[in-house]
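Step one of this worksheet: look at the structure below.
The values are calculated or read from the model by the stated rules, or taken from the named source; none is laboratory data. Computed from a predicted structure; not experimentally measured. As a convention, Cβ positions derive from the backbone with ideal geometry for all residues, glycine included, and neighbour counts pool all protein chains shown.
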Amino acid sequence: MTITIFLGSLLGSMALGMPIAFALLVCGVALMAHLDLFDAQIVAQNVVNGADSFPLMAVPFFLLAGEIMNAGGLSKRIVDFAMAAIGHVKGGLGYVAIFAACILASLSGSAVADAAALSALLVPMMVKAGHDRARSGGLIASAGIIAPIIPPSIGFVIFGVAGNVSITKLFLAGIFPGLLLGLALVVTWWWLVRREAVTPPPRRSAREVARAFREALWALVLPLIIIFGLKFGVFTPTEAAVVAAMYSLFVAVFVYRELAPGDLFEVFVTAAKTTSAVMFLVAAALVSAWLITVADLPGMVAELLDPLMDNQTLLLLGIMLLVVAVGTAMDMTPTILILTPVLMPVVKMAGIDPVYFGVLFIINNAIGLLTPPVGTVLNVVAGVSKLKMEEVIRGVWPFMAAQLLVLLLLVLFPALVTAPARWIGG
């Protein structure tokens, strides 16, 4: 009955068109009424405590860093360098998109920001070069979702807070799987474009490549600063977010000089609006998370999954299928906030490494950004590149299938996550 009330109140509120954050509050109040625990003061206290978290301070700073990079020319120079280095090969623009997405992922941690930047810069160029419009949009969308996997990752920050898992370990564990997703896109793109009659642009001279590298060097240094700083304990993930924002601001204003002081207000307001939506969502989710614990929903879910508890692989496959289904109807952040308190106790009871599970969980949620009808990244790519939603959905399927295959391999072979994480983390 408790599970029915939890799902019924949450899904019912969403079906009425209520924003996710308010639907979570309604769900929490419904559970409190069912458990005869209703107290408005408890609701308010949990909402306040939900946003009162030092690790969550990383979210606004990473979002701000992403906005500054797009407005200040860092993203553009990374794409220019990729174009100079590999744009001349057959299907080169697609490889440029993947290469640039992996680098941008290590700067912002936001799939939406990266997909928007790459769509604006590359989709018109790919269409003009003769590539299929739908396929170009689908590739950009699929490349954009690498951002929540390669550190810094806003998704890992939220999962780490919700599941009480080390964010630093999640960051370092996400590097290799994120690169695997990029490699899957490379192979898929190569297979799809090998028969296309597209003439690539001429090879750039060594001097032009060197010039593009010098221009992009300031942007390329930032991922190294963050990764080495986290690995050697120079700063925490939250402090890394501040470093990323301040470094991006310095480069955009004083080095590239593409962000005038008068433009800063608009950049800060945009980042603040996005931050307020995310933080209110997190705060509202803590009410439901507290009641999930009080009502022992994880125990009930564990009973339902009891036949799979002795086999970690089957349990993970079952959970991953559940997350794929949820991802078709819900955005990444609410999915993390709703499912993490329910699934983490089950995962720990089964003896699964929380960091390993976190990587799989976030990859699955990132792929959910591509699944219609919600598909936030699909909507962003369609809007920015002026493509029809149906075109982007048609173009994204081969790439999303490749990324789901990578997820399956990570479930079947945990060492693909754990071994590189141990090596990188020392």
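Summary table
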| item | result |
| --- | --- |
| Any chance Lys128 is of a type in the set (Lys, Arg) and touching a helix residue (DSSP H, G or I) at 6+ places or on another chain (Cβ under 9 Å) | no |
| Hits in the stretch 85-102 (condition: surrounded by fewer than 23 Cβ atoms within 10 Å (Cβ to Cβ) and of a type in the set (A, V, I, L, M)) | Ala85, Ile86, Val89 |
| Options Leu179, Leu185, Leu170; residue that is outside any loop (DSSP other than H, G, I, E, B) and surrounded by fewer than 23 Cβ atoms within 10 Å (Cβ to Cβ) | Leu179 |
| The listed residue being assigned by TED's automatic domain parsing to the domain that holds Lys348, surrounded by fewer than 24 Cβ atoms within 10 Å (Cβ to Cβ) and under 16 Å from the mean Cα position of the chain (by Cα), out of Ala129, Ala116, Ala120, Ala134 | Ala116 |
| Enumeration of residues in the stretch 368-426 that are in contact (Cβ under 8 Å) with a residue 40 or more places away in the chain and among the acidic types (Asp, Glu) | Glu391 |
| Some residue of the stretch 139-156 being under 15 Å from Tyr356 (Cα atoms), surrounded by fewer than 24 Cβ atoms within 10 Å (Cβ to Cβ) and of a type in the set (A, V, I, L, M, F, W, C) | no |
| Residue list for the stretch 26-45, filter: crowded, with 17+ Cβ neighbours inside 10 Å and either more than 15 Å from Ala284 (Cα to Cα) or among the aromatic types (Phe, Trp, Tyr) (or both) | His34 |
| Residue check, Leu224 among the hydrophobic types (A, V, I, L, M, F, W, C) and either surrounded by fewer than 21 Cβ atoms within 10 Å (Cβ to Cβ) or modelled with pLDDT under 90 (or both) | yes |
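The rows are residues; the columns are (1) surrounded by fewer than 22 Cβ atoms within 10 Å (Cβ to Cβ); (2) more than 14 Å from Arg133 (Cβ to Cβ); (3) among the aromatic types (Phe, Trp, Tyr).
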| residue | (1), (2), (3) |
| --- | --- |
| Met349 | yes, yes, no |
| Asp353 | yes, yes, no |
| Ser385 | no, no, no |
| Gly395 | no, no, no |
| Phe399 | no, yes, yes |
